[in-house]
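Coordinate-derived values only; no laboratory data. Every value quoted in this text rests on a predicted model; they were computed, and no experiment measured them.
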Amino acid sequence: MKSLILSAAALTLAVVLPAQASEELAKKHLCTTCHVVKGAKTIGPSYADVAKKYAGQKDAEAKLAEKVKKGGQGVWGQVPMPPNAAVPEADIKALVKWILSIK
C-alpha cells in the first residue's frame, strides 16, 4: 500500500512539476532577462509567441535547441540572441520542450 501511494505521488509530481521546473530553469540560466512567458515582446519574443510560431513543425525541438545553444539573429528582429553554450544539453532540451508546450 505504501508503495502504491508513493508511486501515485511520484506520478502526480511528474505531471505537475515539469512546467514549474522549466520556468525555474529559465530563471536559473537568465533566459528571463530577455524573454517573458506570455505577453509583449521584451528584448526577445515571449515563449508563447515562440511556441505559436513553431507549432506543428516536426523539427522544432531540434531547431530551437540549436538556436538556444548557438544563438542567432534575424528571426525575431535585429537584436541577436547570444549563444548559451554553457547551459547543459539536458537543460536546453527541457527548456525547449517546455517552451513548445506553452499555449
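Phi angles across segment 34-40 convert, under the Karplus curve 6.51 cos²θ - 1.76 cosθ + 1.60 with θ = phi - 60°, into 3J(HN,Hα) values of 10, 10, 10, 5, 9, x, 6 Hz, Gly and Pro given as x. Derived scalar couplings between HN and Hα for segment 81-98 equal 8, x, x, 10, 5, 7, 6, x, 3, 4, 5, 4, 4, 5, 4, 5, 4, 5 Hz in order, rounded to whole Hz, by the Karplus curve 6.51 cos²θ - 1.76 cosθ + 1.60 (θ = phi - 60°), x for Gly and Pro.
The spacing between segment 78-103 and segment 31-60, judged by their C-alpha centroids, is 10 Å.
Phi-derived couplings, Karplus 6.51 cos²θ - 1.76 cosθ + 1.60 at θ = phi - 60°, listed residue by residue for segment 54-62: 9, 4, x, 7, 4, 9, 4, 4, 5 Hz, with x used for Gly and Pro.
Under 5 Å between amide hydrogens, built in the peptide plane, is the criterion, and for residue 72 it picks out 81 among residues at least 5 positions away or on other chains.
Treating cross-link reach as a plain straight distance, find the aspartates and glutamates whose alpha-carbon is under 17 Å from the alpha-carbon of residue 28, omitting any fewer than eight places away in the same chain. Cα-Cα hits under 17 Å: 89, 91.
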